Amino acid sequence: MNIKFPDNSIKEYPADSTPLEIAESISPGLARQVITARIDDKLVDLNYKIMEDTSIELYKFDSEIGKEVYWHSTAHLLAQAVRELFPDVKVAIGPAIEAGFYYDFDKEIPFTDDDLEKIEVKMKELSKQNMEYERKELSREDAINFFSDMKEDYKVELLEEIPEGEIISLYTQGNFTDLCRGPHIINTGKIKSIKLMKTSGAYWRGDEKNKMLQRIYGISFPSNKELNKYLHDLEEAKKRDHRKLGKELDLYSISDDIGAGLVLWHPNGAMMRSIIEDYWKERHFQDEYKVVNSPHIGKGELWETSGHLEFYKESMYSPIIVDEQEYYLKPMNCPFHIAIYQSRKRSYRELPIKYAEMGTVYRYENSGSLHGLMRVRGFTQDDAHIICTPEQLEDEIDKVLVFSLDILRAFGFRDFKIYLATMPEKAVGTKEDWEKAALSLKKALDNHDIEYELDEGGGAFYGPKIDIKIKDALNRLWQCSTIQFDFNLPERFNMEYIGEDNQPHRPFMVHRALLGSLERFFGTLIEYHAGNFPLWLCPVQVRVIPISEHYEEYAEKVNNQLKENGIRSEVDHKNEKIGYKIREAEMMKIPYMFIVGAKEKESDTVSVRRHGKGDLGSKEIDEIITEIQKEIEVKK
């Protein structure tokens, strides 16, 4: 049989060959590292027997798919260890998550830290036994009987929801069997390094009406070196946590008195937000966008036409009754921008039209998923909608891609990971339309030699998209810009323009959120820079610190000179020792400190300190002002 590889090369193998044998034929090193394989569009175990011509892709741990399979396999090992140590415990579910895995257990008494240590030791013992993950397929009825005999009620409940006639797969390692679609790693010996992180309560299936289960979180790696690096990065991430720094730098807060997931911007944070918005507007005006504003609520019929009530209702808040009509808090800005477009007839000569808005939207998030600025219930989205002719589409996508990356770099971001997301299972439009739209996005990426990965099935329900994620110093990815094609809303709202032939035509529309959610972007900015923001963004760029009250008048003179030159500054008037004032300015991550005393007053200079660098010596005021202005202008 012929096997086609991702580089389009084709090799011949005997029938019944497995992905592991194919990996071994390429190199023994690859065989040791490979985790799973994709045969055509199906992920399979490494001992899966291939019977006919097909394509293959092999995944190691360094891939997202490889990590997911590896961590899900470790979740099974966790469940086995818990069952051996606590025989009366019932197992529920144990998926891989973004970093590691968890497993939920029905245990009346919560797990303790000592329990976690014992479970971790047991997992390591089991992993050394090199037990194979063996797949077995059963009918739904036989699977229900199997788990009923074991009194595993949660597995039975899951099975009863699966349609009759479907084949069910079970995986067994040693004396433990779990319900799972797979695939899994070849054996437990591949799991070299394990760390159980924490335990918490979790309602069965996330429903507060159900029983509270005990959840154990963990992570695993093919080597101790990788685990140690992860734990080091985790500690560094704690230092960068935007919730911690947001409080320390007095940027924002979230109050239970106001409501979960609703952000209060403090003066420092609001100043930064204003700077971001001013820069955003300036760049959009330069690029011929038209800035608009829209209401916070809209009629129910509007969201029916847009499709949001059909595809997005679970994320929308309950309606408000106004004049016996239903109104909804807006989850998106799109329908309002379309209404502006449709306020009069449009000619092809006007296109493209580019509407942009910093529009606050409201989306319901489960309380358990709320996370500082990263996941909130009310946020401001820097939406833009580009309405153009079909002939203009590729050029406009090309422009918006360059525009997005250029602005992100101004905020200090340098390393990006780009995804091209294709048609999901639940979508509107024909497959042919989706393929044409995805091709236009692909061409824009190819035109600029931008590397990207395919996100199969990751598109919005209304069209394919380009997602731009920022990679930080800890190699974490942060979702930021998105460029989405939409052939749904123009059709639903019957959008038209009069073409050169004097006939009505349907325009194309591109959604674009550059910063995404302003709240999430701000959280990303805090963690990416660890609070050490680029100078142009800092709410206070210079703090003038008089050595004693005798030099406060001179400090005010310097402060006024800075302000007159467009530099954000303040004087520290506290009655504290100079060392305390400097330490406090360092803690607040203020970029520049100007220390002034008798010598500085006499020579009309300032003693300059730079956050994180220390003493830069004495400088004339005009000289240091010029240096700071240049640094601000460069936006680095």
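The condition of being surrounded by 18 or more Cβ atoms within 10 Å (Cβ to Cβ), among the charged types (D, E, K, R) and either in the same structural domain as V69 (by TED's automatic domain parsing) or part of a loop (DSSP other than H, G, I, E, B) (or both) holds for only one of K155, K118, K124, that being K155. Pull out all pairs, ordered by first then second residue, where Cβ-Cβ is under 6 Å, the residues are six or more apart or on different chains, the first lies in region 8-22 and is closer than 17 Å to L43 by Cβ, and the second is of a type in the set (S, T, N, Q). That search, which allows pairs on different chains as well, returns T18/N47.
If you check R543, R520 for being at pLDDT 90 or above, part of a helix (DSSP H, G or I), crowded, with 20+ Cβ neighbours inside 10 Å and not hydrophobic (A, V, I, L, M, F, W, C), only one passes: R520. Scanning region 126-144 for residues that are at pLDDT 95 or above, among the polar types (S, T, N, Q) and more than 33 Å from the chain's Cα centre (by Cα) yields Q129, N130.
On inspection, R344 fails the criterion of being of a type in the set (K, R), modelled with pLDDT of 90 or more and within 17 Å of the chain's Cα centre (by Cα). When residues in region 158-177 are screened for being closer than 29 Å to G189 by Cα and surrounded by fewer than 14 Cβ atoms within 10 Å (Cβ to Cβ), 2 of them pass. Among the residues of region 388-398, those identified as touching a residue at least 12 places away in the same chain (Cβ under 8 Å) and either among the charged types (D, E, K, R) or in contact with a helix residue (DSSP H, G or I) (Cβ under 8 Å, 6 or more places away or on another chain) (or both) are C388, T389, L393, E394, E396, I397, D398. Only strands (runs of 3 or more DSSP E) whose full extent lies in region 237-339 are considered here, and the ones with at least 3 residues that are surrounded by fewer than 15 Cβ atoms within 10 Å (Cβ to Cβ) are 320-322. Just one of the listed residues (E552, E556, E564) is out of contact with any Lys or Arg (no Cβ under 9 Å at 6 or more places or on another chain), at pLDDT below 95 and at negative phi, and it is E552. Out of the residues in region 166-189 that are outside any strand (DSSP E or B) and of a type in the set (D, E, K, R), which is modelled with the lowest pLDDT? Looking at residues that are outside any strand (DSSP E or B) and of a type in the set (D, E, K, R), I get E166. Here is the figure for region 330-344: residues that are in contact with a helix residue (DSSP H, G or I) (Cβ under 9 Å, 6 or more places away or on another chain) and either of a type outside the set (V, I, T) or in the same structural domain as S318 (by TED's automatic domain parsing) (or both) total 7.
Go through R568, R543, R506, R512 for me and flag whichever is within 18 Å of I407 (Cβ to Cβ), of a type in the set (K, R) and touching a strand residue (DSSP E or B) at 6+ places or on another chain (Cβ under 9 Å). One residue alone meets the criteria, R512. The set of residues from region 399-439 being under 30 Å from E527 (Cβ atoms), of a type in the set (S, T, Y) and either out of contact with any Leu (no Cβ under 7 Å at 6 or more places or on another chain) or without any contact (Cβ under 8 Å) to a residue 24 or more places away in the chain (or both) comprises just one member, Y419.
The residues of region 46-71 that are among the acidic types (D, E) and either assigned by TED's automatic domain parsing to the domain that holds G189 or under 29 Å from the mean Cα position of the chain (by Cα) (or both), listed by number, are E57, D62, E64, E68. Listed conditions (1) at pLDDT 90 or above; (2) assigned by TED's automatic domain parsing to the domain that holds T430; (3) out of contact with any Ser or Thr (no Cβ under 7 Å at 6 or more places or on another chain) are all met by K574, apart from (2).
Of all the numbered requirements in (1) touching a Gly at 6+ places or on another chain (Cβ under 8 Å); (2) buried (at least 21 other Cβ atoms within 10 Å of the Cβ); (3) not aromatic (F, W, Y), A37 misses one, and that requirement is (1). Inspect region 409-416 for any residue being within 21 Å of the chain's Cα centre (by Cα), at pLDDT 90 or above and either assigned to a helix (DSSP H, G or I) or not assigned by TED's automatic domain parsing to the domain that holds I275 (or both) and give the result as yes or no. Taking every residue of region 409-416 in turn, at least one turns out to be within 21 Å of the chain's Cα centre (by Cα), at pLDDT 90 or above and either assigned to a helix (DSSP H, G or I) or not assigned by TED's automatic domain parsing to the domain that holds I275 (or both). The set of residues in region 208-229 being among the small types (G, A, S) and either in a helix (DSSP H, G or I) or more than 23 Å from the chain's Cα centre (by Cα) (or both) consists of S223 alone. For region 345-365, the candidate set comprises residues that are out of contact with any helix residue (DSSP H, G or I) (no Cβ under 7 Å at 6 or more places or on another chain) and either closer than 30 Å to E208 by Cα or of a type in the set (S, T, N, Q) (or both); within that set, the residue that is surrounded by the fewest Cβ atoms within 10 Å (Cβ to Cβ) is S347.
Condition check ((1) out of contact with any Gly (no Cβ under 9 Å at 6 or more places or on another chain); (2) part of a loop (DSSP other than H, G, I, E, B); (3) more than 24 Å from I276 (Cα to Cα); (4) small (G, A, S)) across all residues:
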| site | (1), (2), (3), (4) |
| --- | --- |
| K399 | yes, no, no, no |
| P424 | no, yes, yes, no |
| K442 | yes, no, yes, no |
| D446 | yes, no, yes, no |
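State yes or no: is E586 within 23 Å of R273 (Cβ to Cβ) and either modelled with pLDDT of 95 or more or not assigned by TED's automatic domain parsing to the domain that holds R414 (or both)? When the stated conditions are applied, E586 does not pass them. Total residues in region 251-289 satisfying the condition of being within 15 Å of E519 (Cα to Cα) and among the charged types (D, E, K, R): the figure is 2.
The values are calculated or read from the model by the stated rules, or taken from the named source; none is laboratory data. Nothing here was measured: the structure is a model prediction, and the numbers come from that model. Because the Cβ atoms are built from the backbone with ideal geometry, glycine has one as well, and the counts that use them run over all protein chains shown.
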